[in-house]
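Trainee: Submitted below is the structure of interest, expressed as structure tokens.
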Amino acid sequence: MLDVLKSNKYIKIMRMSFSQSTVFRASYFFGLVNSIISVFITVSIWKALYGGAESVDGISFSATVTNIVFSMLLSTAFGFNDFAIAGKVHSGAVASELLKPMSISLSNMFQAIGSNLFKLIGHFAPTLIISAIFFKLLPPKSFAMLLLAAVSVIFGFCLLYSISYIVSVTSFWITNVWSLSTLKNVIIGIFAGTMLPIWFMPQSLQNALRYTPFDVIYFAPVKIYLGQMTVEEIAFSFGKQLFWLGVFILCGALLWRKGVKKIVIAGG
Amino acid sequence: MIELENVVRSFKIVKRKSGFRGTLKNLFAPETEIKRAVNNLSFTIPDGQMVGFIGPNGAGKSTTVKMLSGVLYPDSGSLRVNGFVPHRDRKKYVRHIGVVFGQRSQLWQDLPITDSFEMLKSIYKIPDEIYRTNIELFNEILSLHTFENKQVRQLSLGQRMRADIAAAFLHNPDIIFLDEPTIGLDVVVKENVRAFIKSINEQRGCTVIFTTHDMQDIEKVCKRILIIDEGALLYDGTTEKLRDVFGEERVLTVSLNEKTDTLTACGIKSSVDAENPLDHIFRVPKQIKLPEMITEISAKAEIADLRIKEPEIEAIIRRIYEKGAADA
Ligand SMILES: Nc1ncnc2c1ncn2[C@@H]1O[C@H](COP(=O)(O)OP(=O)(O)O)[C@@H](O)[C@H]1O
Ligand SMILES: [Mg+2]
């Protein structure tokens, strides 16, 4: 089993992408400093907003800080290059991928997993430890909830990736992927609750978000972690993640199948 | 077996204009032009054949190779390679082919070539046994071991090309497409590459198609050549036949023992070489038999030495390009 995993082509691609991420030391170091500073600033703002109160709207200060820190750190750890495919298509480098007996979408996904795994270990973990020391983050409700939260994070990651994949595949039709990518990042940033926890959003918006995939990207995992969801609610959130994942994967695959015909390999 | 039937592929080319008005026009009403890179191309190549695919710049060679290797969709017409439709069956099909684009490396830029090969081993699921024999064999002919630990981006062009060619053959493909594999290489490396391609073709019986500008490649390696221009086939046949049909004259140089005036043999007048007055040069059309000529000359003067120059493939091909499809 381990041997199969070791020699699997996609696992190899993931490992290669992981080790390539370790090369850029300077940018790694500055990224780390950058996210620690952002966490400090954001937490200070929330401290001022709470003004010493124990809880606001029934949400305790420590729960808010835990939520903010987790979603901020996860959102910086999970980053996808929406232009990766566009760049390869434009430069013609996609030819060498097309010439290999593998799925381009899967190989791109495992490249993304590899680099994100690096960020999770090299970025998310240390900033989380530092934040835990300085801001008294709440512990998980139980070990089981921690595990469920981890599963929820993985599905959240897949959701983010599948959305990013759709955006990157639109590059076959749209020359300016940049604006679409920015729009996508802003929308996710707002509605997934990385800026303002979903608790504090107007009730009507919260109700509307229940029909979207946004509240199960960062918010659901944190709520599971804090023990704020019943078993039924947890099951429902997993179902929702899988449903949207199915929708996005299908859209991405259809777009890819249409788009791949348009690839003109430059050069030669 | 490779079969192409009436394959057409066009590209839309946006004509960029310069100047202020031009820029505005580019922005709002770009002028486009449809370029037919491959125009009704049909040919068949049986298993195990080694075919040279030649044509001037922009003839459509690379476009054809890209369609044959499944990375580019044709507009119309049918392509079949060993029962596969390349673009449709891409994932299954590419396992059976090896491709080298001379202008672009297929290897991972940041990996040493040994790691790249290991990667290919996983991707193609190459059994250990075959992998080891292949690496040894390739090392022998291409001397890869001298740079195997360098990253691809640090290799010289010749080294990179050798690594790329080895990579394309690593999984024992049935069919190899090589798009300008000798471009920019020095004479020694070129010889190496030719020897390699030839020996693998003989040992394994794989089909090889390669495009080139180098006539030496054609003469030394290929038995059959396809010449295309403007996306259409101009010639399909052996190199010898090309000489017979299009090579109109051979050049016979006869060195005599004594100076003489112009000689005539079989109705051909010689011209005396200005630098070397003992040498007489005859341009012999292909319908005249050389032995007869030599007999006639030796009856008139004493021959010290003689040389025959076959028409050069390069000159013949240039003539075919110039004449175009109509006369060919
Ligand atoms: N991706 C592309 N976009 C636009 N035009 C192209 C593209 N690829 C090739 N062409 C055009 O098609 C013609 C044939 O190109 P190519 O097949 O590369 O020729 P060759 O390899 O024989 O030199 C050329 O006129 C070239 O400009
Ligand atoms: Mg070319």
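The values are calculated or read from the model by the stated rules, or taken from the named source; none is laboratory data. What you see is a predicted model, and the numbers here were worked out from it, not measured in a lab. A quick note on method: Cβ atoms are made from the backbone with ideal geometry, for glycine too, and the neighbour counts reach across all protein chains shown. Remember, those area values only see protein heavy atoms, side chains included, never the ligands or the DNA or RNA. Shrake-Rupley method; radii C 1.70, N 1.55, O 1.52, S 1.80 Å.
Trainee: For chain B, give me the percentage of DSSP beta bridges that are antiparallel, rounded to the nearest 5 percent.
Mentor: DSSP beta bridges in chain B are roughly 70 percent antiparallel.
Trainee: So how much accessible area does B:E140 have, in Å² to the nearest 10, using a 1.4 Å probe?
Mentor: 150
Trainee: Tilt of helix B:313-323 relative to the longest C-alpha principal axis of chain B, in degrees (0 to 90, nearest 10)?
Mentor: Helix B:313-323 sits roughly 80 degrees off the main axis of chain B.
Trainee: In debye, nearest 20: dipole of the range B:277-328 around its Cα centre with unit charges on the Cβ of K, R (+) and D, E (-)?
Mentor: Details: 9 positive and 10 negative charges, 37 e Å.
It comes to approximately 180 debye.
Trainee: Here is a further query. How much accessible area per residue does chain B have, counting only protein heavy atoms and a probe of 1.4 Å, in square angstrom? Mind dumping the intermediate values first?
Mentor: Working: 16090 Å² over 328 residues.
That works out to 49 Å² for each residue.
Trainee: Something else now. Give the relative contact order (percent, whole number) for chain A; include only Cα pairs under 8 Å separated by 6+ residues. Let's see the in-between values first.
Mentor: Values: 255 pairs, mean separation 75.1, N = 268.
Relative contact order of chain A: 28 percent.
Trainee: What residue among A:N207, A:N116, A:N108 has the largest mean-square fluctuation in a Gaussian network model of chain A, using Cα springs under 10 Å?
Mentor: A:N207
Trainee: Can you tally the net charge around B:D174? Count Lys and Arg as +1, Asp and Glu as -1, for every other residue whose Cβ sits under 10 Å from the Cβ of B:D174. Mind dumping the intermediate values first?
Mentor: On the way: positive: B:R95, B:R204; negative: B:D47.
Residues close to B:D174 contribute a combined charge of +1.
Trainee: While we're on this one: Considering the dipole of the protein assembly as shown built from charges on the beta carbon (Lys and Arg +1, Asp and Glu -1) around the Cα centre, which of B:V272, B:L242, A:S237 is farthest to its positive end?
Mentor: Positive-most Cα among the choices belongs to A:S237.
Trainee: Whole-Hz Karplus ³J(HN,Hα) for the range B:110-122, in order, using 6.51 cos²θ - 1.76 cosθ + 1.60 and θ = phi - 60°, x for Gly and Pro?
Mentor: Once rounded to whole Hz, the list reads 8, 9, x, 5, 4, 5, 4, 5, 4, 4, 5, 4, 5.
Trainee: Mind grabbing the accessible area of A:W46 for me, 1.4 Å probe, Å², rounded to tens?
Mentor: Roll a 1.4 Å probe over it and A:W46 shows about 30 Å².
Trainee: If one takes the longest principal axis of the Cα atoms in chain B, at what angle in degrees, from 0 to 90 and to the nearest 10, does the Cα axis of helix B:290-300 lie?
Mentor: Helix B:290-300 and the main axis of chain B meet at about 30 degrees.
Trainee: If you don't mind, there's one more thing I want to ask. With every protein chain left in place, what is the accessible area of B:L157 in Å² (1.4 Å probe, nearest 10)?
Mentor: 80
Trainee: Report, by chain and number, residues whose modeled amide H sits under 5 Å from the one on B:M50, excluding near sequence neighbours (fewer than 5 apart, same chain).
Mentor: Close amide H contacts, sequence-distant or interchain: B:V208, B:K223, B:R224.
Trainee: While we're on this one: Given the rule -39500 (n - 2.57) for each run of at least 4 DSSP H residues, summed and divided by the residues of chain B, what is its mean residue ellipticity at 222 nm, to the nearest 500 deg cm²/dmol?
Mentor: Numbers: 11 runs with 116 residues, N = 328.
My calculation for chain B gives -10500 deg cm²/dmol from helical runs alone.
Trainee: State, in square angstrom and to the nearest 100, the accessible area buried between chains B and A, both chains counted, probe radius 1.4 Å. Could you put the intermediate results ahead of the total?
Mentor: On the way: alone 17310 and 14610 Å², together 29460 Å².
By this definition, chains B and A bury close to 2500 Å².
Trainee: While we're here: Filter the DSSP H helices in chain A by two things, a Kyte-Doolittle mean of at least -1.0 and an axial alpha-carbon span of 27 angstrom or more, and list the hits by number. If you can, show how the numbers build up before the last one.
Mentor: Working: long enough: A:25-50 (38 Å, 1.17); A:143-169 (39 Å, 2.27); A:231-259 (42 Å, 0.92).
Going by DSSP H runs, the hits are A:25-50, A:143-169, A:231-259.
Trainee: Among A:V167, A:V43, A:V56, which one shows the highest mean-square fluctuation when chain A is modelled as a Gaussian network with alpha-carbon springs under 10 Å?
Mentor: Result for chain A, Cα springs under 10 Å: A:V56 fluctuates most.
Trainee: Please give the helix B:19-28 orientation as an angle from the longest Cα principal axis of chain B, in degrees from 0 to 90, rounded to the nearest 10.
Mentor: For helix B:19-28, the angle is close to 50 degrees.
Trainee: Counting only residues 5 or more places away or on other chains, whose amide H sits under 5 Å from the amide H of B:S10 once H atoms are built in the peptide plane?
Mentor: B:A37, B:D75
Trainee: From the residues B:L226, B:F101, B:V8, which one has its Cα farthest along the dipole of the range B:2-242 in the positive direction, the dipole being from +1 and -1 charges on Cβ of Lys/Arg and Asp/Glu about the Cα centre?
Mentor: Of the candidates, B:V8 comes out farthest on the positive side.
Trainee: With a cut-off of 8 Å between alpha carbons and a minimum separation of six or more residues, what is the relative contact order of chain B in percent?
Mentor: On the way: 582 pairs, mean separation 60.1, N = 328.
That works out to 18 percent.
Trainee: Which one, A:P139, A:A77, A:F219, projects farthest toward the positive side of the charge dipole computed for chain A from Cβ point charges (K/R +1, D/E -1)?
Mentor: Checking the options against the dipole of chain A, the answer is A:A77.
Trainee: Protein chains only, probe 1.4 Å: how do A:T66, B:T44 rank by accessible area, largest first? Please report the intermediate quantities before stating the final value.
Mentor: Values: A:T66 0, B:T44 65 Å².
Ranked list, largest accessible area first: B:T44, A:T66.
Trainee: Considering only C-alpha atoms, what is the centroid distance from the range B:92-156 to the range A:108-133, in Å?
Mentor: Rounded to whole Å, the Cα centres lie 32 Å apart.
Trainee: Still on this structure, please answer the following. Magnitude of the Cβ-charge dipole of the protein assembly as shown, K/R +1 and D/E -1, about the Cα centre, nearest 20 debye? Don't jump to the answer; show the numbers that get you there.
Mentor: Working: 65 positive and 54 negative charges, 453 e Å.
It works out to roughly 2180 debye.
Trainee: Students sometimes get this wrong: rank B:R319, B:R243, B:R153 by accessible area, probe 1.4 Å, all chains present, largest first.
Mentor: Numbers: B:R319 85, B:R243 60, B:R153 140 Å².
Order by accessible area, largest first: B:R153, B:R319, B:R243.
Trainee: About the Cα centre, and with charges only on the beta carbon of Lys, Arg (+1) and Asp, Glu (-1), how big is the dipole of chain A? Nearest 20 debye, please.
Mentor: Working: 19 positive and 8 negative charges, 171 e Å.
Charge dipole, chain A, about its Cα centre: 820 debye, nearest 20.
Trainee: What ³J(HN,Hα) values, in whole Hz, does the Karplus curve 6.51 cos²θ - 1.76 cosθ + 1.60 give for the range B:70-75 when θ = phi - 60°, with x put for Gly and Pro?
Mentor: So the J values, rounded to whole Hz, are x, 9, 10, 7, x, 6.
Trainee: Using helices alone, I'd like the mean residue ellipticity at 222 nm for chain A: each DSSP H run of four-plus residues gives -39500 (n - 2.57), total over residue count, nearest 500.
Mentor: Values: 13 runs with 188 residues, N = 268.
Helices in chain A give a 222 nm mean residue ellipticity of -23000 deg cm²/dmol.
Trainee: Which whole-number percent gives the relative contact order of the range B:249-310, counting Cα pairs below 8 Å spaced six or more residues apart? The partial results should precede the final answer.
Mentor: Working: 106 pairs, mean separation 30.1, N = 62.
Computed value for the range B:249-310: 48 percent relative contact order.
Trainee: Then there is this: What list of ³J(HN,Hα) couplings, whole Hz, do you get for the range B:199-212 from phi and the Karplus terms 6.51, -1.76, 1.60, once you set θ to phi - 60° and write x for glycine and proline?
Mentor: Values per residue, Gly and Pro as x: 5, 5, 4, 6, 6, 9, x, 7, 7, 10, 10, 9, 9, 6 Hz.
Trainee: Further question: Skipping prolines and chain starts, which residues have an amide H placed within reach, meaning under 5 Å, of the one on B:V100, given they are 5 or more residues away or on another chain?
Mentor: Close amide H contacts, sequence-distant or interchain: B:F177, B:L178, B:D179.
Trainee: Just by accessible area at a 1.4 angstrom probe, what is the order of A:M195, A:M14 from largest to smallest?
Mentor: Working: A:M195 120, A:M14 35 Å².
In descending accessible area the options line up as A:M195, A:M14.
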